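Just below is one structure, and these are the notes that go with it.
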Amino acid sequence: MLRVDLRSLRPGGAALQTEGSLLPGDPAFEGLDLHLERPVSVRGALHAANRGTYVWDGEITTRVASECRRCLARIASEVDTEFRAILSSDPAIADDPGAYLLPEDSAVLDLGFVVREEIALTVPPFPLCREGCAGLCPHCGTDLNQETCQCAGTPEPR
Ligand SMILES: [Zn+2]
Ligand SMILES: [Zn+2]
């Protein structure tokens, strides 16, 4: 859990050190279409920029497994990403990319939702096992990276 008490932060005041680890089964990752192979470790510093606006600079490390979108081969990749998240209850600020809208007068916040988004942004939405992966034959399912099949040359069904 990465719970922070925003009331302890003042603009211009000391940053709050955030350090934690989220298990792959953490509810924050529910519905995320990727497989975390390790707990997600998070470290960072959160400070208040203005009233109702906070900046969280952090780093996420984990290992993610996904499937090649063409041949379904398993791909595992190390994730080690630095991010800057703006958290604000001001809708004007929260329109920026990389910003998160907070409920008005948020007091205690679980930063898991930010971690979820940052991981989702890091992992490519259509991962390929290699550039130019030939994929599976749409007719018989043969892995065309490994071998050719009888269907080769058959026009795509319309
Ligand atoms: Zn592939
Ligand atoms: Zn085939």
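None of the figures in this text is laboratory data; all of them are computed from the coordinates on show. The shown structure was predicted, so the numbers you read here are calculated from the model rather than taken from an experiment. Don't worry about glycine lacking a Cβ; one is built from the backbone with ideal geometry, like all the others, and counts go over all protein chains shown.
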CD proxy at 222 nm, helix term only [per DSSP H run n ≥ 4: -39500 (n - 2.57); per residue of the chain; nearest 500] = -2500 deg cm²/dmol
Over all distinct Cα pairs, what is the inverse of the mean 1/r for region 68-113, reported as the Kirkwood hydrodynamic radius in Å?
-> 13.6 Å
For the chain, find the longest principal axis of its Cα atoms and tell me its angle to the long axis of helix 112-122, 0 to 90°, nearest 10.
-> 40 degrees
Averaged over all directions, how much area does the convex hull of the C-alpha atoms of region 24-87 cover when projected, in nm²?
-> 5.4 nm²
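Could you tell me which GluC sites (Glu not before Pro) in region 103-136 are loop residues by DSSP with no more than 16 other beta carbons within 10 angstrom of their beta carbon? Don't skip to the answer; put the middle values down first.
On the way: sites: 104, 117, 118, 131; in loops: 104, 131.
Here the sparse-neighbourhood loop sites are 104, 131.
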At q = 0.17, 0.20 Å⁻¹, what is the log10 ratio I(q)/I(0) for the chain, with the Debye formula run over Cα points and no solvent?
-> -0.96, -1.20
